Amino acid sequence: MSGRPRKSTNPMAIVKTKTDWAAVILATAGGAGFAPKAPGTAGSVVGVLIYLLIEALHLSAYYLHAIIFFFIVGIWASSRMEHLWGHDSQRIVIDEVIGQMITFGIAAGRYQLSAFYVILGFGLFRLFDIAKPFPIRRLERFKGGLGVVADDVGAGVYALAVLTLVFRYVHG
């Protein structure tokens, strides 16, 4: 037996400090990243729920602020968790939350999206996040947490553009 410490298969075994715990809570979107199947989709659902909550509480004037907040802390938390879990671990889903929130950015506070448009926005974001059309895949080349978050921001912008075009086409 070598004198080297054995690496644990439990991702939480290496989380030691309060800062690490804060990064885990943020990076996993409150635990959504630990979903056994499709953690990215679970993170996107959290993004939809945040949008719906902000709309329901009539706080849409602060929606852009929320996106910026999650963007900044998401980069930090993703960078921290990459040191512990490796590059772009599937448990890191704060990037999906941010991208999904961006998808609904044009509507927040301007007009109420029906369930159809919320579901369409969800589907569009997941499509662009998975397919990563040009130049979204290139955004993953950034180092650290920025690389984790940037491609989902790109997917959110694409989904926002398509959702807006569909909404404007249907509603004039």
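If I ask for residues that are charged (D, E, K, R) and more than 11 Å from the chain's Cα centre (by Cα), which ones from the stretch 94-111 would you list? Explain how you work it out, then say what you get.
So the first thing to find is which residues in the stretch 94-111 are charged (D, E, K, R), and the list is 95-96, 110.
110 - this is the single residue of the stretch 94-111 that is charged (D, E, K, R) and more than 11 Å from the chain's Cα centre (by Cα).
Please verify whether the stretch 110-129 includes one or more residues that are among the basic types (Lys, Arg) and under 19 Å from residue 68 (Cα atoms).
Pass one, the stretch 110-129, residues among the basic types (Lys, Arg): 110, 126.
From what's left, under 19 Å from residue 68 (Cα atoms): 110.
Yes; the residues of the stretch 110-129 include at least one that is among the basic types (Lys, Arg) and under 19 Å from residue 68 (Cα atoms).
Can you name the residue in the stretch 128-159 that is hydrophobic (A, V, I, L, M, F, W, C) and farther than 23 Å from residue 77 by Cβ and, of all such residues, is surrounded by the fewest Cβ atoms within 10 Å (Cβ to Cβ)? Before you say what the answer is, go through the steps one by one.
Pass one, the stretch 128-159, residues hydrophobic (A, V, I, L, M, F, W, C): 128, 130-131, 134, 136, 139, 142, 146, 148-150, 153, 155, 157, 159.
Imposing the further condition that a residue be farther than 23 Å from residue 77 by Cβ reduces the set to 131, 134.
Numbers: 131: 11, 134: 7.
Ranking the qualifying residues of the stretch 128-159, first place goes to 134.
List the pairs whose first member sits in the stretch 111-135 and is of a type in the set (S, T, N, Q), whose second member is part of a helix (DSSP H, G or I), and whose Cβ atoms are under 8 Å apart, counting only residues at least 6 apart or on separate chains?
112/55
If you take the residues of the stretch 26-37 that are surrounded by 13 or more Cβ atoms within 10 Å (Cβ to Cβ) and free of Cβ contacts under 8 Å to residues at least 60 places away in the same chain, which of them is farthest from residue 77 (Cα to Cα)? Lay out the reasoning, then the answer.
Residues of the stretch 26-37 surrounded by 13 or more Cβ atoms within 10 Å (Cβ to Cβ): 26-35.
Now narrow it down to the ones that are free of Cβ contacts under 8 Å to residues at least 60 places away in the same chain: 30-31, 34-35.
Values: 30: 12, 31: 13, 34: 15, 35: 18 Å.
If we take residues in the stretch 26-37 being surrounded by 13 or more Cβ atoms within 10 Å (Cβ to Cβ) and free of Cβ contacts under 8 Å to residues at least 60 places away in the same chain, then 35 is farthest from residue 77 (Cα to Cα).
Condition first: within 13 Å of residue 100 (Cα to Cα), in contact with a helix residue (DSSP H, G or I) (Cβ under 7 Å, 6 or more places away or on another chain) and of a type in the set (D, E, K, R). Can you find one or more residues in the stretch 131-149 that meet it?
We begin by selecting, within the stretch 131-149, every residue within 13 Å of residue 100 (Cα to Cα); these are 149.
Imposing the further condition that a residue be in contact with a helix residue (DSSP H, G or I) (Cβ under 7 Å, 6 or more places away or on another chain) reduces the set to 149.
Those still in the list that are of a type in the set (D, E, K, R) too: none.
Checked the stretch 131-149: no residue is within 13 Å of residue 100 (Cα to Cα), in contact with a helix residue (DSSP H, G or I) (Cβ under 7 Å, 6 or more places away or on another chain) and of a type in the set (D, E, K, R).
In the set 105, 40, which member is small (Gly, Ala, Ser), assigned to a helix (DSSP H, G or I) and touching a residue at least 40 places away in the same chain (Cβ under 8 Å)? Give the derivation first.
Working: 105 fails: assigned to a helix (DSSP H, G or I).
None of the other options fit; the residue is 40.
Given the options 65, 87, name the one that is at pLDDT 95 or above, surrounded by fewer than 21 Cβ atoms within 10 Å (Cβ to Cβ) and not β-branched (Val, Ile, Thr). Lay out the reasoning, then the answer.
Values: 87 fails: at pLDDT 95 or above.
Exactly one residue qualifies, and that residue is 65.
Given the residues 47, 99, 105, which is the only one that is surrounded by 13 or more Cβ atoms within 10 Å (Cβ to Cβ), in contact with a Leu (Cβ under 7 Å, 6 or more places away or on another chain) and either closer than 29 Å to residue 172 by Cα or hydrophobic (A, V, I, L, M, F, W, C) (or both)?
On the way: 47 fails: in contact with a Leu (Cβ under 7 Å, 6 or more places away or on another chain); 99 fails: in contact with a Leu (Cβ under 7 Å, 6 or more places away or on another chain).
Checking each option against the conditions leaves just 105.
Report the residue count in the stretch 52-88 for those that are among the small types (Gly, Ala, Ser) and within 13 Å of the chain's Cα centre (by Cα). Working first, answer last.
Keep residues of the stretch 52-88 that are among the small types (Gly, Ala, Ser), which gives 56, 60-61, 66, 74, 77-79, 86.
Remaining after also requiring within 13 Å of the chain's Cα centre (by Cα): 66, 74, 77-78.
Final tally of qualifying residues: 4.
Conditions (1) modelled with pLDDT under 90; (2) hydrophobic (A, V, I, L, M, F, W, C), marked per residue:
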position	(1), (2)
110	yes, no
117	no, no
162	no, yes
171	yes, no
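The values are calculated or read from the model by the stated rules, or taken from the named source; none is laboratory data. Here the structure is a predicted model, which means the values were calculated and not measured. Neighbour counts run over all protein chains shown; Cβ positions are idealised from the backbone, glycine included.
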